[in-house]
């Protein structure tokens, strides 16, 4: 792996980690806001509800991210396939045009007057 590739992978991992930590902080904040109006809960009950709320939020977030990652992978495969097809078509067309130009030049060369 090239040095730039390793740095890019490390950057992606750090970004993913930071995004996940932000997601955790957001889930914890939302859990606190969710239980705030429930004044009748004991401290233990409040912590249990918050913990379950956070766990559920993170499970849903992970499932969403896994679906997105799977879709990105399938799109990548699809686009790479289309790119290869388009590249073959472009190269084929370019070769055909070059061959046509050479053929025309070859046919017209004997017809040109010599000086």
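Values in this text are rule-based calculations from the coordinates and carry no lab data. All values derive from a computational prediction rather than experimental measurement. Cβ coordinates were reconstructed from backbone atoms using ideal geometry, including for glycine residues, and neighbour counts include every protein chain displayed.
Assorted remarks:
- Hey, residue 103 free of Cβ contacts under 8 Å to residues at least 24 places away in the same chain, loosely packed, with under 10 Cβ neighbours inside 10 Å and either part of a helix (DSSP H, G or I) or in contact with a strand residue (DSSP E or B) (Cβ under 9 Å, 6 or more places away or on another chain) (or both) or not: no
- Test: residue in the stretch 56-66 that is surrounded by 10 or more Cβ atoms within 10 Å (Cβ to Cβ) and over 17 Å from residue 20 (Cβ atoms): no
A quick yes/no check of all residues on (1) over 28 Å from residue 12 (Cβ atoms); (2) loosely packed, with under 10 Cβ neighbours inside 10 Å; (3) in contact (Cβ under 8 Å) with a residue 40 or more places away in the chain:
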{"position": "26", "(1), (2), (3)": "no, no, no"}
{"position": "29", "(1), (2), (3)": "no, no, no"}
{"position": "37", "(1), (2), (3)": "yes, yes, no"}
{"position": "42", "(1), (2), (3)": "yes, yes, no"}
{"position": "45", "(1), (2), (3)": "yes, no, no"}
{"position": "53", "(1), (2), (3)": "yes, no, no"}
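- Taking the criterion of being under 21 Å from residue 47 (Cα atoms) and either surrounded by 11 or more Cβ atoms within 10 Å (Cβ to Cβ) or touching a residue at least 60 places away in the same chain (Cβ under 8 Å) (or both), the residues of the stretch 8-24 that qualify are 23, 24.
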